[in-house]
1. Over all distinct Cα pairs, what is the inverse of the mean 1/r for the chain, reported as the Kirkwood hydrodynamic radius in Å?
2. Please check: in the Gaussian network model of the chain (C-alpha springs, under 10 Å), which one of Gln138, Gln54, Gln113 has the largest mean-square fluctuation.
3. Between segment 151-206 and segment 78-97, what's the alpha-carbon centroid distance in Å?
4. Quick check: net charge around His89, other residues with Cβ under 15 Å of its Cβ, Lys/Arg +1 and Asp/Glu -1?
5. Over the C-alpha atoms of segment 1-93, what are the Rg and the largest Cα-to-Cα span, Dmax, in Å?
6. Name the most mobile residue of Lys126, Lys115, Lys137, meaning the one with the largest mean-square fluctuation, in a Gaussian network model of the chain with Cα contacts below 10 Å.
7. Determine Rg/Rh for segment 109-206; Rg is computed over alpha-carbon atoms and Rh is the Kirkwood hydrodynamic estimate from the same atoms.
8. Counting DSSP beta bridges with both partners in segment 22-115, what percentage is antiparallel, nearest 5?
Amino acid sequence: MPNTFPVRIETARISGGPNLTVYYPRVVGMQNQQAQRSINQAIVNQTQALIDEQVGNMPATVEEMLGIYEVKNNQRNVLSLSLSNYTYHYQAAHGMTYIKSLTFDTQTARLYQLKDLFKPGSDFVKRLSEIIELQIKQRNIQTLFGFTSIRPNQDFYIADKVLVIYFQLYEITPYVFGFPMFPISVYDISDIIDENGPLGRMATNN
């Protein structure tokens, strides 16, 4: 696989005062400038979407906002990163945080959804849900309404040879549990992953 080096990432910032700062990643130095522009535009769009979700129709009540990011994978032409935004509104019981992740092919700038990681026709929702249900029992995680299934477009990121499925605050657990994260080894789902997709690349040993 040619040109599988990590991409270079710089930190950009949006600032709206001492208590309003959002840091987000920007890919730089790529040979494919069109792919670089597409990746950076998708990151900006998601960063802005998180801000919009937090502010809603109450911009005057925002007392604090902090946006940060984490690079989860930057190898084998797969860039997977998470953007988080914490916002506190005036007189709220507590602040609220959202996390959204983006996974790209750095050669084509393709942005992957969860379904794109698996072979067409494979029942990935059922398979992943069964693994997560088992982890919930093993880890004794308290759910709000019991767990039945992930969404077909469930939040995820890739970290080396692991697919991490996660849920937002309150999505399946009480607030005190934070963000429930469920790591799944690519080898446990090797029969359904798309060998040419991001997980397929992670599973190879060369």
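1. About 18.3 Å, per the Kirkwood formula over Cα pairs.
2. Comparing Gln138, Gln54, Gln113 in a Gaussian network model of the chain, the most mobile one is Gln138.
3. Comparing the Cα centres of segment 151-206 and segment 78-97, I get a distance of 21 Å.
4. Residues close to His89 contribute a combined charge of -4.
5. Computed over the Cα atoms of segment 1-93, radius of gyration and Dmax are 15.6, 54 Å.
6. Lys137
7. 0.97
8. The antiparallel fraction comes to roughly 95 percent.
The values are calculated or read from the model by the stated rules, or taken from the named source; none is laboratory data. These numbers come from a predicted model, not from an experiment. Positions of Cβ are generated from backbone atoms using ideal geometry, with glycine treated the same way; all protein chains shown enter the neighbour counts. Please note that ligands, DNA and RNA were not included when accessible areas were found on the heavy atoms of the full protein model with its side chains. Shrake-Rupley method; radii C 1.70, N 1.55, O 1.52, S 1.80 Å.
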